[in-house]
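Readers should treat all values here as calculations from the given coordinates under stated rules, not as data from a laboratory. Quick caveat, the model's predicted, so the values are computed rather than measured. Cβ sites come from the backbone with ideal geometry, for glycine too, and all protein chains shown count toward neighbours.
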Protein chains: 2
Amino acid sequence: MIETFAALSDPHRFRIVELLRSGPRAVNDIGERLRLHQPQVSKHLRVLKEAGLVDVQPRAQQRLYELRAQPLRELHEWLERYHQLWDARFEAMDELLEELQQEEKPHGRSKK
Amino acid sequence: MIETFAALSDPHRFRIVELLRSGPRAVNDIGERLRLHQPQVSKHLRVLKEAGLVDVQPRAQQRLYELRAQPLRELHEWLERYHQLWDARFEAMDELLEELQQEEKPHGRSKK
DNA sequence: GCATTATATTCCTTGACGAGAATATACCTC
DNA sequence: GAGGTATATTCTCGTCAAGGAATATAATGC
């Protein structure tokens, strides 16, 4: 989790991840689109790979880097634990449900 | 967004955020629970505050720090754009919806 | 095998960050 | 206003990470 945050806390790596959202890319392709020198791209990709955020598969001399789902999924699960905090509707709804009409109409918002 | 990642990429700050999930806390309270020296707690809280992740409100000599919703909400919204990547069901559903029954029943799953 | 293309690694320098210790500031009580 | 409590800031030091330049490695085609 922390490694995921660390990997995404660099602006260039963040842009790489954003770019890879549209599909796998070769190293030079990334470098050209983001205006980065090839060595830096490789270095950033290495960090992303060690953080588990990307995966590689060779294609001739090229290396196609693609996003991995797992870290983002874990990030999402972590964030879910804060859901009640940032979604005000839930708080208001919870209060309403609990204080006023507990029995009248249980319009099925399963809390967990 | 990147500032959020940077703030959460430090282990101590991450633990502070996790602790604050249970509600506002004073500085010394945080330090005792997480076994951190007071100055470091203050410094980390400052970073979190500048990143917009926490807010302060004075209570006598104490400063109660509490989580702010907005950055987590933005993080969630950002993650949503990767939803199709890590939730395989959505890909299948998108294909079905687009290829087969575009006009039949638009049961409003807004792609954006 | 050799040239070419594509990518990875190393070395170096610089800047940012975190920890610890000491000190400063703010607020309360009496 | 003196003393105590709670928090913030400063300073220094060591470490680590990022960028640039140069070089090394890998795969391809002839």
Original post:
Restricting region B:61-71 to residues that are part of a strand (DSSP E or B) and either over 25 Å from residue A:86 (Cβ atoms) or not basic (Lys, Arg) (or both), which is farthest from the other protein chains (Cβ to nearest Cβ)?
Top reply: B:62
Original post:
Failed condition for residue A:56, given (1) within 10 Å of DNA strand C (Cβ to nearest atom); (2) of a type in the set (A, V, I, L, M); (3) surrounded by 18 or more Cβ atoms within 10 Å (Cβ to Cβ), with all others met?
Top reply: (3)
Original post:
When you scan region A:1-19, how many residues do you find that are within 7 Å of another protein chain (Cβ to nearest Cβ) and not polar (S, T, N, Q)?
Top reply: 6
Original post:
If we scan region A:30-43, do we find a residue that is away from chain B (no Cβ under 11 Å) and either away from DNA strand C (no atom under 14 Å from the Cβ) or among the hydroxyl-bearing types (Ser, Thr, Tyr) (or both)?
Top reply: yes
Original post:
Taking region A:59-78, which residues are farther than 18 Å from residue A:1 by Cα, hydrophobic (A, V, I, L, M, F, W, C) and surrounded by 15 or more Cβ atoms within 10 Å (Cβ to Cβ)?
Top reply: A:64
